[in-house]
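Right, one structure below, let's go through it.
The values are calculated or read from the model by the stated rules, or taken from the named source; none is laboratory data. Predicted model only: the values in this text are computed from it and were never measured. In this analysis, Cβ positions are derived from the backbone assuming ideal geometry, glycine residues included, and neighbour counts consider all displayed protein chains. Only protein heavy atoms, including side chains, enter the accessible area calculation; ligands, DNA and RNA are left aside. Shrake-Rupley method; radii C 1.70, N 1.55, O 1.52, S 1.80 Å.
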Amino acid sequence: MNKKVGILTITDYGNYGNRLQNYATQEVLKNSGFEVTTIKSRVGNQIEKSFSDKLKSLKITDLPKIISKRRENKKFSNIKDERYNKFVQFTKDYIAETSYTISEDSIPDDINEQFDYFVTGSDQVWNPNYRKGSGIDFLTFAYPEKRIALSPSFGIAKIPNEYQKKYIKMINEMNSLSVREEAGYEIIKRLTGREAEVLIDPTLMLNKQEWLEIAEKPHVVPNRKYILTYYLGSLSEQNQEFLNKIAKENDLEIVELHNITRSKRYYSIDPSEFLYLINNASLFCTDSFHGSIFSIIFEKPFVVFDRIENSTLKMSSRIDTLLKKFKLSDRHEVQCLTKTHDEIFDIDTSHIGDILAIEQKKYTDYIKKSMS
C-alpha cells in the first residue's frame, strides 16, 4: 500500500502560480509512488479580522486605498465571483483536497494517523507578511519525523525581528529542510546554523507536454498575435510606454491579465487557460515568479519587471534566483529596455534542458532521502 502524503500550501483559490505549483507538487509526489492529498488550511491573512481589530491596525493613509477597493469589489463583484468559482473548479478537477479545512485552533485529532508524511511548500508559505508565522506552515501539528519542507519560500530576504524567535524554533523542529531560493538558504543558515537544500519550484518538474495536457483554450481569445501581460503589482509609465511601442511596431495586441478595470474580459481566466495564453503569446511580460517559470517551460520570449507595490520589502529574491540559475538574467527589464526589438523576441533556450535535468534530479533525490 502506498504511503500517504499531506501537502500544506496556500489554498485561497486566487493565484495562478499557487494553484499550478500545488498541482505540480501533487503530481511529482504521485510519480514518486505516494498517495497525495492537499490539506486545506486557513491561516495568516486568510483569517477574517473583527471590525475592531481592523480599526486598530488602520492608518489614515490606508483610507483612500480601502475605499477604492470597496468600490471595485462592489462594481465587479460578479466577475470576481466568476473568477473565484473557476479557480475552485480547477482545483476540484485536478487537485485532491481534504473535505475539511484546518486552522491554528481546529486540527483533527487523528491527522497524524491519516498521513505518513507532511510536506510544506512550495509558494510563499514561510512569508510572515502573508502567513503571520503560522505553525501550520511549519507542520507543528505533525510528529517531528514527518515534517518535510519541500521547496518552500520566504518571499523576502530577512525575517522581521518579532518573528525570529518563533521561526528559529519551528525551523529547528523540521525533519528535512529545503527552500526555493538562495535567500531562503541564507535566512535559515543565519537564524539556526542549519543548511537547507535549494530546490527548484515544483512547476519546473513537469515538462511542456505535461502542462499542455491540462491547458485549455479560453472562452475569449485575442483576435491577432499578442503580447500577454500579468502583473501582481503596478507598471511604471516608462515601462508601459516601452510595451506600447513594441506592440505598435510589431502589430501586436496587448492582452492584460489580472487587471479588472482595464481588461475585465480576461480577468476570469482560470489556471488552465492561463497556460494556454502563455504558450500562444508572442511575448510575455510579467512581475510574477510563476509567470517567469512558464515562459521558460514554454520557451517563450519574456521580460520580467520589478514589482511595484506599497512595501519597502524586497520581493524579487525568488526571481533573481530563477533567472540566475537558468542563465536568463538578460530577461530582466533593466537589460531588456536596452535591447532592440529583435533581441527581445529572440530568446536562447538551448541550455535549459541540461540545467533542468540536474535540478530535477536534486529534487527527486531529496524526496527519496526525506521520505524513505
Please pick out the residue among V255, V221 that is free of Cβ contacts under 8 Å to residues at least 60 places away in the same chain and touching a Leu at 6+ places or on another chain (Cβ under 7 Å).
V255
Test set (1) touching an Asp or Glu at 6+ places or on another chain (Cβ under 8 Å); (2) under 28 Å from F87 (Cβ atoms); (3) not hydroxyl-bearing (S, T, Y) - I188 fails condition number
(2)
So the strands (runs of 3 or more DSSP E) completely within the stretch 185-304 holding 3 or more residues that are within 27 Å of N78 (Cβ to Cβ) are 226-230, 253-257
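May I ask you to list the residues in the stretch 125-139 that are open to solvent by 10 Å² or more (accessible area, probe 1.4 Å) and out of contact with any helix residue (DSSP H, G or I) (no Cβ under 6 Å at 6 or more places or on another chain)? Even if it seems obvious, please write down each step before you answer.
Residues of the stretch 125-139 that are open to solvent by 10 Å² or more (accessible area, probe 1.4 Å), as a first pass: 129-130, 132.
Within the stretch 125-139, N129 is the sole residue that qualifies.
Checking the conditions here, which among A183, A142, A157 is of a type in the set (G, A, S) and under 23 Å from S372 (Cβ atoms)? Quick ask: steps written out before the conclusion?
On the way: A183 fails: under 23 Å from S372 (Cβ atoms); A157 fails: under 23 Å from S372 (Cβ atoms).
Just one listed residue meets the conditions, A142.
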Does any residue of the stretch 219-235 turn out to be surrounded by 15 or more Cβ atoms within 10 Å (Cβ to Cβ) and of a type in the set (D, E, K, R)?
no
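Pick out the one residue from L313, L323, L337, L252 that is at pLDDT 95 or above and touching a helix residue (DSSP H, G or I) at 6+ places or on another chain (Cβ under 8 Å). Write out each step before concluding.
On the way: L313 fails: at pLDDT 95 or above; L323 fails: at pLDDT 95 or above; L337 fails: at pLDDT 95 or above.
Residue meeting the stated conditions: L252.
Need at least 2 residues that are modelled with pLDDT of 95 or more and among the small types (G, A, S) per element, so show me which helices (runs of 4 or more DSSP H) inside the stretch 15-108 make the cut, counting only ones lying wholly within it. Even if it seems obvious, please write down each step before you answer.
On the way: elements: 16-31, 51-57, 63-75, 77-94.
In the stretch 15-108, the matching helices (runs of 4 or more DSSP H) lie at 16-31.
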Residue in the stretch 279-287 that is among the acidic types (D, E) and open to solvent by 10 Å² or more (accessible area, probe 1.4 Å) present
no
Scan the stretch 144-184 for residues that are surrounded by fewer than 20 Cβ atoms within 10 Å (Cβ to Cβ), assigned to a helix (DSSP H, G or I) and within 19 Å of the chain's Cα centre (by Cα) and jot them down.
E182
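Go through the stretch 331-370 and count every residue that is part of a helix (DSSP H, G or I) and among the β-branched types (V, I, T). Spell out how you get there, then give the answer.
At the first step, the residues of the stretch 331-370 found to be part of a helix (DSSP H, G or I) are 331, 333-336, 341-345, 352-370.
From the residues that got through so far, the ones that are among the β-branched types (V, I, T) too are 334, 344, 352, 355, 358, 364, 367.
Final tally of qualifying residues: 7.
Okay, residues lined up against (1) touching a helix residue (DSSP H, G or I) at 6+ places or on another chain (Cβ under 6 Å); (2) open to solvent by 50 Å² or more (accessible area, probe 1.4 Å):
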site	(1), (2)
F274	yes, no
E299	no, yes
H332	no, no
S370	no, no
